[in-house]
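Worksheet: one structure, shown below.
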Amino acid sequence: MIEQSVLEEVLGVAMRTGGEFAEVFAEDRRNASAVLDDGRVEELTSGRDRGAGIRVVVGETTGFAHTADLSEAGLIAAAEAAAAAARGGGGGTNVVALHRGTSSRGYDIETFPGDVPKARKVELLTRADEAARAVGDAISQVSVSYGDNRRRILVANSDGVFVEDDTVRTFFAVSCVATGDTGMQTGRESVGHTIGFELFDMYDIDQLARNAAERAITKLAARPAPSGQMPVVIGSGGGGVLFHEACGHGLEADLVSKGASVFRGRVGQQVASKGVTVVDDGTMAREWGNIAIDDEGNPAQRNVLIEDGILTDYMWDHLRARKEGRRSSGNGRRQSYQNLPMVRMTNTYLLAGEEDPESIIASTPKGVYVKHLGGGQVNTATGDFVFGMTEAYLIEDGKVTEPLREGNLIGNGPEVLQRIDALGNDFAMGPPGTCGKDGQGVPVGDGVPTLRVSSLTIGGTAA
Amino acid sequence: MSDELLAIADRVVAMAKPGEQVEAVVVRGTETEIKVFSGDVESLSSAQSQGVGIRVVVDGRQGFAYAGSLDESAIAETLADARDNVSFATFDEFAGLAEPDGVAVPVLDLHRDAMVSFATSDKIAMAIELERVVMAADPRISGIESAEYADSISEAAIATSTGIRTVGSETSCYVATYAMAADGDETQTGFGFSVGREPSDLDPSRAALEAASRATRMLGAVQPPSGRLTVVLDPWVTAQFLGILGYTLDGESVLKGRSLFADRLGESVGSSLLTLIDDPTDVRSFTATDADGEGLAARRNVLIENGVLQQFVHNAYSARRAGTVSTGNAVRGFKSTPSVGCLSVSLVPGNSDPAALIASINDGVLVQEVSGLHSGVNPVSGDFSTGAEGLRIRNGELAEPVREFTIASTLQKMLRDVQAVGNDLEFLPMNASGVSLVVADLTVSGS
């Protein structure tokens with residue numbers, strides 16, 4: 001993307017005013033998407049974003065500037081702006097010598113979506129629309145979306161790091177509306193992986209569409225969710241967002257260092273039930289949160305955050321790790337070249353236990369079975385979180401019975417971690433997610449086995 | 001300077017072939033963001049960004065492409081991509097660009113030179129002052145999660161082969177902070193902000209004290225018992241619900257069978273106390289604009305009047321399909337085609353001041369913060385359930401803080417259950433403004 005000699009020159013300029021660390025992050029990203037809604041392929045969109053973000057660190061201050069101009073002159077102008085923003089006091093000449101590194105994700109992209117004719121992508125939309133509508137007359141509306149992107153990045157910094165990566169992601173989603181006597185309900189299914197068009201060898205699009213349609217229809221007969229505290233069984237693969245919110249964000253070192261996490265100062269302590277092991281793993285092949293290198297040039301890692309209930313470590317980016325005199329854990333990510341990196345999750349999951357999932361439900365006299373959770377939100381300083389139930393059922397006398405309408409669950413991270421009293425042997429990853437933090441969205445994955453939380457507050461309307 | 005953008009848009013439009021409609025949206029922005037921590041600048045980002053979005057419509061089929069660059073070569077590639085994408089769309093007799101409708105684009109005071117000339121050192125000083133006032137506000141303040149100053153100067157030009165040529169420029173700035181308060185092992189948080197079009201509009205002290213007050217008053221919060229209660233939503237919370245309500249009134253959702261109000265025009269859909277307007281021409285609003293995403297004049301639209309549903313909002317496409325005219329509600333960035341949405345929605349304020357509203361309630365909750373709206377409100381079914389925190393109301397007075405509970409109902413029922421509308425209109429950093437709102441019979445789920 002950019003010549004090594006140019007990068008060395010630009011980093012030298014960035015350090016000229018006394019910078020202690022400088023970095024060039026360049027990105028060339030192509031997006032393609034297609035949307036079918038209301039029975040029509042509404043449009044295909046092609047997009048390209050290309051540019052570089054340059055940061056300079058002086059003491060506790062980071063200066064940052066970005067540019068869409070990747071010429072030497074454009075990069076030097078951005079480097080000067082970033083250096084000025086960091087207000088370094090020093091001066092002199094800085095020589096930066098880059099050492100080209102490699103990045104590897106351990107598998108190959110089989111079919112680059114850019115090489116696939118647009119007509120084939122459109123065909124998938126139409127097929128899913130037909131399959132969803134064929135489920136029943138109650139399906140009153142269907143929207144289908146396809147998306148792929150290819151993101152080439154380059155990271156070069158004053159520590160000599162020089163590495164490039166090329167990432168391909170492909171995504172497909174079906175959303176249905178079902179209409180009945182009780183009004184309208186919705187159902188959605190989505191799949192996404194860090195792979196190419198081979199995504200459609202992994203999944204049966206017709207089945208995906210039928211699942212979305214059936215979810216909407218099922219909810220037409222749903223009763224209002226209960227209100228109050230009761231045991232909650234989370235379905236395999238459908239509830240990883242619980243750990244993303246309940247503990248993941250609170251283990252991000254930038255929040256911890258500001259005292260904005262309930263998990264501050266708790267490394268080495270028992271923070272979850274015994275048997276609970278939580279991992280953040282950027283190396284997980286093909287998963288939505290997979291990265292070969294993070295957006296600071298560090299190789300992706302598998303990081304154990306909680307082991308058998310004991311807090312083992314936080315997640316780190318370059319800046320926070322540097323302050324603590326340790327290595328980054330490969331969690332420095334950013335939405336685009338226009339943003340500063342910060343500590344972000346990749347694929348966050350809870351390891352399987354040994355129980356039979358059927359027996360977990362059978363041993364729950366009264367509660368709620370949440371097959372799929374929607375998005376969530378957490379206040380890391382208090383640990384309070386919420387997340388939505390998009391598919392849930394009552395558990396009565398140890399059996400899954402009636403479907404429930406949508407509602408939020410609410411709880412407190414540290415409390416919920418201590419209340420996990422059953423872990424199934426049926427681990428699965430869930431659908432692709434976008435994690436939002438400080439206005440930046442990045443792709444993340446999550447996964448859980450079937451598990452039970454002995455008590456959570458269900459925010460329904462029924463007594 | 002914006003003329004330069006219009007010239008680029010004109011050049012793209014001039015490339016339209018016979019039988020082809022072409023629209024170019026060209027944007028450029030300068031943004032500064034300063035975060036401070038412990039009296040020092042933590043990060044200072046300053047950047048210029050630009051982009052172009054090109055829409056092509058040929059014989060009822062639409063294609064689109066964008067690029068984050070205004071280079072000649074990038075623009076040429078974008079136009080070629082948009083043209084190539086056309087052939088894959090399904091024929092739609094209503095597809096097409098907006099056309100001039102004779103409504104003059106209002107002249108609004110959205111661009112302030114004082115914003116452009118404000119020195120970086122003064123921006124830093126303002127952010128540092130924000131943090132200082134938070135920390136000094138109360139001995140129980142234990143830290144800040146964030147304290148920041150941000151501003152933007154944005155310009156946009158839209159031109160189409162159907163004769164639209166609109167150009168505009170606007171400035172905005174804000175300060176925002178999240179404060180933490182601690183008592184023993186317990187920590188609570190609170191936010192405060194101040195928004196404006198130029199630095200003199202901002203009041204960092206007020207933002208700081210608001211954040212400190214919100215955090216400290218939550219200390220000692222308990223989970224309330226479950227039950228059905230009368231709830232007062234503060235302006236910030238009301239605004240977030242109005243934002244979602246706006247979605248149910250967009251013409252595209254109505255046409256596509258995703259609006260629960262689809263067949264309700266002219267009917268009573270809520271309390272007669274409710275008059276809902278969308279008015280992007282009110283310059284006090286953070287999202288005020290002179291033109292919509294298709295270059296048509298922005299305008300004031302009354303959506304619900306005294307509880308009766310008056311109209312939906314439309315862009316050119318949804319209006320054509322619904323057999324009406326655009327209400328100037330095309331919403332977009334340069335990376336997407338226009339959708340339909342409210343631009344700046346608010347309730348017409350009532351007569352009661354917030355203290356009188358509280359005094360009128362025997363047993364209730366003042367909700368000051370909600371969480372999980374994106375997952376907890378389904379604008380198609382109307383079901384909602386969100387996390388909440390606030391203060392208990394007992395015998396007309398504010399009592400103990402409460403947290404870790406949800407409030408739930410349906411949007412339909414909530415509109416009918418509105419008991420009073422406050423007179424405390426607040427403009428917020430979002431596309432909705434808020435007032436205090438009293439809603440009866442919400443389900444509170446707690447202990």
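Quick note: the coordinates plus some simple rules give every number you see, no bench work behind them. It should be emphasised that the depicted structure is a prediction, and the values quoted were computed from it without experimental measurement. Here Cβ is always computed from backbone atoms with ideal geometry, including for glycine, and neighbour counts include all displayed protein chains.
Tabulated values for the structure
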item	result
Additional length obtainable on full extension of the chain from residue B:183 to residue B:305, 0.36 nm per residue less Cα span	39.2 nm
Dipole magnitude (debye, nearest 20) for the protein assembly as shown, charges at Cβ of Lys, Arg, Asp, Glu	740 debye
Qualifying trypsin sites (Lys or Arg not before Pro) for region B:15-59 [loop in DSSP, other Cβ within 10 Å: at most 15]	none
Distance in nm between pseudo-label sites at residue A:72 and residue B:107 (7 Å out along the Cβ direction from Cα)	4.9 nm
In region B:195-277, the GluC sites (Glu not before Pro) that fall in loop regions by DSSP, at most 11 other Cβ within 10 Å	B:267
Förster radius 51 Å - calculated FRET efficiency between residue A:104 and residue B:263 (Cβ-Cβ, nearest 0.05)	0.35
Segment residue B:40-residue B:14, length gained on full extension (0.36 nm per residue, minus Cα span)	4.3 nm
Those residues of region A:383-403 whose amide nitrogen sits under 15 Å from the label point placed on residue A:221, 7 Å along Cα→Cβ	A:392-394, A:400-403
Net charge of Cβ neighbours under 12 Å - reference residue B:383; Lys, Arg +1; Asp, Glu -1	+3
Cα-based shape type of the protein assembly as shown, given that a ≥ b ≥ c are square roots of the gyration tensor eigenvalues and the cut on a/c is 1.5	rounded
Chymotrypsin sites (Phe, Trp or Tyr not before Pro) within region B:61-94, DSSP loop, no more than 16 other Cβ atoms inside 10 Å	B:91, B:94
Net +/- balance of residues flanking residue B:107 in space, Cβ distance below 13 Å, scoring K and R +1, D and E -1	-3
Net dipole in debye of chain A [+1 Lys, Arg Cβ; -1 Asp, Glu Cβ; about Cα centre; nearest 20]	800 debye
Options B:98, B:153, B:143, ranked by Cα towards positive dipole end of region B:1-173, top entry (Cβ charges)	B:98
Inter-probe distance in nm under a simple model that places probes 7 Å from Cα toward Cβ, at residue A:399 and residue A:269	4.5 nm
Inverse mean reciprocal Cα-Cα distance (Kirkwood Rh) of region B:220-446, Å	17.9 Å
Rounded to whole Å, sorted largest first: equivalent-ellipsoid semi-axes of chain B, Cα gyration tensor	40, 29, 17
Pairwise FRET efficiency - residue A:119 versus residue B:94, Cβ, R0 = 25 Å, nearest 0.05	0.60
Choice from B:242, B:255, B:347 with maximal GNM fluctuation in chain B (Cα, 10 Å cutoff)	B:255
Helical mean residue ellipticity (222 nm; -39500 (n - 2.57) per DSSP H run of 4+; nearest 500) of the protein assembly as shown	-6000 deg cm²/dmol
Positive minus negative residues near residue B:199 (Lys, Arg vs Asp, Glu; Cβ under 11 Å)	-2
Solution diffusion estimate, µm²/s, Stokes-Einstein, region B:387-435, Kirkwood Rh from C-alpha pairs, 4 °C, viscosity 1.567 mPa s	96 µm²/s
Globularity index of region B:323-389, i.e. its alpha-carbon radius of gyration over 2.2 N^0.38 Å	1.65
Global form of region A:240-366, assessed from the alpha-carbon gyration tensor, a/c cut-off 1.5	prolate
Charge dipole of the protein assembly as shown about the Cα centre (unit charges at C-beta), most positive-ward option of A:262, A:341, B:271	B:271
Relative compactness, region A:349-427, computed as alpha-carbon Rg over 2.2 N^0.38 Å	1.17
25 °C / 0.890 mPa s Stokes-Einstein diffusion coefficient of chain A, Kirkwood radius on C-alpha pairs, µm²/s	104 µm²/s
Added length on full extension, which subtracts the Cα-Cα distance from 0.36 nm per residue, residue A:434 to residue A:152	99.6 nm
